[in-house]
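Inspection log for the structure reproduced underneath, given as structure tokens.
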Amino acid sequence: MYIEVVITSGCPIKLQKYKLMQVPEVWFWEDSTFEVYCLREQEYEKVANSELLAELDLSLLNRCLLLSSPLEAIREFRQNIQQ
């Protein structure tokens with residue numbers, strides 16, 4: 001299994017092509033936040049959190065991705081997941 005993360009111009013309309021490939025989870029990065037869609041039977045449903053990475057704090061990930069320094073983002077992410 002794998003997750004598809006769409007960074008450029010993702011939109012729910014594109015979910016149809018992922019459905020054909022049976023991608024179980026698709027993440028769109030848009031307006032500085034993730035939207036997560038899980039494949040349910042034959043349709044995608046927008047969900048609050050990843051089901052494949054259930055312990056991942058998406059709000060923490062969002063916050064870290066918006067930091068201007070990649071090194072600071074890594075430090076912030078590591079510090080928060082180790083708590």
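Just so it is clear, none of the values below were taken in a lab; they were calculated from the coordinates. Every value quoted in this text rests on a predicted model; they were computed, and no experiment measured them. For neighbour counting, all protein chains shown are included, and Cβ atoms are generated from backbone atoms with ideal geometry for every residue, glycine included.
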Next item on the list: Please report the relative contact order for region 3-81, taking Cα pairs under 8 Å with a sequence separation of at least 6, and give it as a percent rounded to a whole number.
Entry: 20
Next item on the list: Can you pull the one-decimal nm distance between simple spin-label points at Ile7 and Gln82, each 7 Å off the Cα toward Cβ?
Entry: 2.6
Note to self: Which one, Val26, Ser69, Leu56, projects farthest toward the positive side of the charge dipole computed for the chain from Cβ point charges (K/R +1, D/E -1)?
What the structure shows: Ser69
Checklist line | Approximate spin-label separation Glu30-Arg75, in nm, with each point projected 7 Å along Cα-to-Cβ | finding: 3.4
Checklist line | Sum of -39500 (n - 2.57) over DSSP H runs of 4+, divided by residues of the chain (222 nm, nearest 500) | finding: -8500 deg cm²/dmol
Margin query: With +1 on the Cβ of every Lys and Arg and -1 on the Cβ of every Asp and Glu, and nothing else charged, how large is the dipole of the chain about its Cα centre, in debye rounded to the nearest 20?
Written below: 180
Notebook entry, point to check: So which GluC sites (Glu not before Pro) in region 7-83 pass both tests, a DSSP loop state and at most 16 other Cβ atoms within 10 Å of the Cβ?
Noted result: Glu41, Glu51, Glu55
Notebook entry, point to check: To the nearest 20 debye, what is the magnitude of the charge dipole of region 38-77 about its Cα centre, counting +1 on the Cβ of each Lys and Arg and -1 on the Cβ of each Asp and Glu?
Noted result: 180
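Rg/Rh for the chain to two decimals, with Rh computed the Kirkwood way over all alpha-carbon pairs.
1.01
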Notebook entry, point to check: Label Ala54 and Leu66 with points 7 Å out from Cα along Cα→Cβ: what is the distance between them in nm?
Noted result: 2.8
Item checked: Among Cys11, Tyr37, Gln83 - extreme Cα towards positive end, dipole of the chain, charges at beta-carbon -> Cys11
